[in-house]
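Data block below; observations after.
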Amino acid sequence: MEDVPGTPPQEQLMVGITRLGQALRITSYRNAGPYRLSPLQADILVFLAGDPRPRRLTELATALASTPPTVSDAVKTLTAKELVERGRDALDARAVSLTLTSDGAAEAERLSRLPPEFARAMSDLAPEDLAAMLRGMSSMIRSLQDRRAIPVTRMCVTCTYFRPQAHPGSNKPHHCAFVDNAFNDEELRLDCPDHLNS
Ligand code: SF4
């Protein structure tokens, strides 16, 4: 596709996205912490912390764009490290449901903190640049989800409760019908436990 005059070249944006992906991967390996977690093990803890309900292995595999055997191996390791507990699913006796232990919840909280190097890089950006990034990322993720290029995540722009531009002209133009609150671009959520698929 041709670039539109006045907009950044798409190839350059792709290079930037790739570089950020590399930076995240490097940070994730450096941030393995006291339990020496792999990036997938860390993602599992953070995902389970995002929603206190017990989750099935298949849900984890779908949400993390992985396969059930790969996630199963990672969960075995997390169980051995006493960060995750396996239980019987309330709706299906053959299925296993997963929850965090208290140590797992503490580790997920540590992992959820913004890495210092990213915090510093973001604090150098103007608020309007950060808001534009969040808006652009949300739209791009939604577009990739619509094309089934990535799994559906629990973000505002795919949520039944999301009312975009419900308050035009206001500094909080969007509305969340779940908590009945207005909010702005800076507050768009990319992973909300109250999300309901639209
Ligand atoms: S419930 Fe969560 S995801 Fe849905 S609109 Fe409200 S804040 Fe966004």
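Counting just the Cα atoms, what span does the range 125-187 cover along each of its three principal axes? Round to the nearest Å and put the largest first.
Ordered largest first, the range 125-187 gives principal extents of 34, 31, 16 Å.
Loop-only chymotrypsin sites (Phe, Trp or Tyr not before Pro) in the range 135-198, please: DSSP not H, G, I, E or B, and at most 11 other Cβ atoms within 10 Å.
Values: sites: Tyr161, Phe162, Phe178, Phe183; in loops: Tyr161, Phe178.
Answer in residue order: no site qualifies.
I need the phi-derived Karplus couplings for the range 24-37: 6.51 cos²θ - 1.76 cosθ + 1.60, θ = phi - 60°, integer Hz, Gly and Pro marked x.
Values per residue, Gly and Pro as x: 5, 4, 4, 4, 4, 5, 5, 9, 5, x, x, 9, 6, 7 Hz.
Under a 10 Å cutoff between Cα atoms, tell me which one of Ile26, Ile44, Ile141 has the largest fluctuation in the Gaussian network model of the chain.
Ile26
Sorting check: for 51-61, 12-22, which peptide has the highest mean count of neighbouring beta carbons within 10 Å, and how do the rest follow? If you can, show how the numbers build up before the last one.
Values: 51-61: 16.3, 12-22: 10.9.
My ranking of the peptides, most packed first, is 51-61, 12-22.
Return the distance in nm (one decimal) between the two label points of a simple spin-label model at Asp129 and Arg148, each offset 7 Å from Cα along Cα→Cβ.
3.9 nm
Counting every Cα pair in the range 1-141, what percent are over 21 Å apart? Provide the component values of the computation, followed by the final result.
Values: 5293 of 9870 pairs.
Tail of P(r) above 21 Å: 54 percent of Cα pairs.
Tell me the trypsin sites (Lys or Arg not before Pro) within the range 60-141 that lie in a loop according to DSSP and have at most 13 other beta-carbon atoms within 10 Å. Please list the in-between numbers first.
Numbers: sites: Lys76, Lys81, Arg86, Arg88, Arg94, Arg110, Arg113, Arg120, Arg135; in loops: Lys81, Arg94, Arg113.
The qualifying sites are Arg94, Arg113.
Taking the Cα-to-Cβ direction at Ala121 and at Val179 and moving 7 Å from each Cα, how far apart do the two end points lie in nm?
It works out to 2.7 nm between the two label points.
With an 8 Å cut-off on Cα pairs and a minimum separation of 6 or more residues, tell me the relative contact order of the chain in percent. List each step's numbers first, then the result.
Numbers: 215 pairs, mean separation 30.5, N = 198.
About 15 percent, as a whole number.
Report relative contact order for the range 13-112 in percent, whole number only (criteria: Cα-Cα under 8 Å, sequence separation at least 6).
On the way: 103 pairs, mean separation 27.8, N = 100.
The value is 28 percent.
Report the Cα centroid-to-centroid distance between the range 95-117 and the range 16-53 in angstrom, as an integer.
Centre-to-centre distance over Cα atoms comes out at 10 Å.
Nothing charged except the Cβ atoms of Lys and Arg (+1) and of Asp and Glu (-1): what's the magnitude of the dipole of the range 125-187 about its Cα centre? Round to the nearest 20 debye. List each step's numbers first, then the result.
Values: 7 positive and 7 negative charges, 73 e Å.
Dipole about the Cα centre, nearest 20: 360 debye.
Taken together, the values in this text are just the output of simple stated rules run on the coordinates, not laboratory data. The shown structure was predicted, so the numbers you read here are calculated from the model rather than taken from an experiment. Glycine gets a Cβ as well: all are built from the backbone with ideal geometry, and neighbour counts include every protein chain shown.
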